[in-house]
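Nothing in this text is a laboratory measurement; each read-out follows from the coordinates by a stated rule. If you're wondering where the values come from, they're calculated on a predicted model, not measured in any experiment. Note that each Cβ is placed from the backbone with ideal geometry, even for glycine, and that neighbours are counted across all protein chains shown.
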Amino acid sequence: MGAYVNSHSPAGKKCKQICQVLFWLFCFQLVPCVYPQEKTTIVLPPPRLDSNFSLEKSLFERRTKRDYLNKPISLKQLSQLLWAAQGITSPRGFRTAPSAGALYPLELYIVVGNVNGLTTGVYHYLPHSNRLEKIMSGDKRLILSEAALYQPQVAKAAVNIVITAIFDRTTNKYGKRGTRYVYIEVGHVGQNICLQATALNLGVCPIGAFEDSKVSSVLKLSSDTVPVYILSVGRCQK
């Protein structure tokens, strides 16, 4: 049997101190402290609230366009598109698109490929602060195109705006009927983007054909967030 050391004796106290030092050295070497990193956020230019391009003209000229030039759009144009989609228009938090019960189940993710003043990557729109939160770096347009059944306009677009939904925000109040309300809201937001893009002289293509699981993988979406709609946006020949 091993010798017993009395913890209250001088030798026991010394042994206890050595064990404590060894324990903390072990912890700091093998289990380093990991501090959560804050995500990078970008303040967007404020939206304009009027222009010389009428709503009626946007309605008349709106067309689906897929042939994009390899030219960037501006950060201000992107900001305007996102504000048109989900911008805050009231101190009470109301937005540019109607939402059943003002529950706002939609979240916008932007796959950036060619925007002046913005590096490529995937971003999340934060409407209350009019900011972009960077989710990941790198040009993800090609793999998003693959997830969208290899549609070429997705790979060529300056940006792809992906409308996602957290259905529970609405169905927790309205039950199964809430699912319909969410899809209706997606339509409102999609049309806002189309009309705003037209007013900015940008091409836009609404896309519903894609594999949900693959788009979710590209964007690293949580399990409760579902991709519903993609709108590719880019510059076109006048």
Sequence order, segment 70-85: Karplus ³J(HN,Hα) from phi using 6.51 cos²θ - 1.76 cosθ + 1.60, θ = phi - 60°, Hz rounded, Gly and Pro as x, gives 7, 10, x, 9, 8, 5, 5, 5, 4, 4, 5, 4, 5, 5, 4, 6
In whole angstrom, how far apart do the alpha carbon centroids of segment 144-166 and segment 184-211 sit? 12 Å
Base-10 log of normalised Debye intensity for segment 41-234 (one unit scatterer per alpha-carbon) at q = 0.10, 0.12, 0.17 Å⁻¹: -0.37, -0.54, -1.14
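Remind me, relative contact order of segment 94-155 in percent, using alpha carbon pairs under 8 angstrom and six or more residues apart? The partial results should precede the final answer.
Values: 81 pairs, mean separation 13.8, N = 62.
Normalised by residue count, the contact order of segment 94-155 is 22 percent.
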When only DSSP loop residues count, what GluC sites (Glu not before Pro) in segment 99-204 have their Cβ near at most 13 other Cβ atoms within 10 Å? none
Hits among aspartates and glutamates - C-alpha to C-alpha of K238 under 13 Å, sequence gap 8 or more where chains match: E61, D67
What list of ³J(HN,Hα) values in whole Hz, one per residue of segment 222-227 in order, does the Karplus curve 6.51 cos²θ - 1.76 cosθ + 1.60 (θ = phi - 60°) give from phi, with Gly and Pro shown as x? 6, 5, 8, 10, 10, x
Sorted largest first, the C-alpha extents of segment 94-194 along its principal axes in whole angstrom are 39, 33, 23
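Could you work out the relative contact order of segment 41-197, using alpha carbon pairs under 8 angstrom and six or more residues apart, expressed as a whole percent? Mind showing how you got there, number by number?
Numbers: 259 pairs, mean separation 44.4, N = 157.
Normalised by residue count, the contact order of segment 41-197 is 28 percent.
For the pairs K71/K220; K140/K214; K39/K173; K65/K156, flag any whose C-alpha to C-alpha distance is greater than 22 Å. Please list the in-between numbers first.
Details: K71/K220 27 Å; K140/K214 12 Å; K39/K173 31 Å; K65/K156 12 Å.
Violating the 22 Å Cα-Cα cut-off are K71/K220; K39/K173.
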With the label point 7 Å along the Cα-to-beta-carbon line of S74 and a cut-off under 15 Å to each amide N, the hits in segment 218-236 are 235
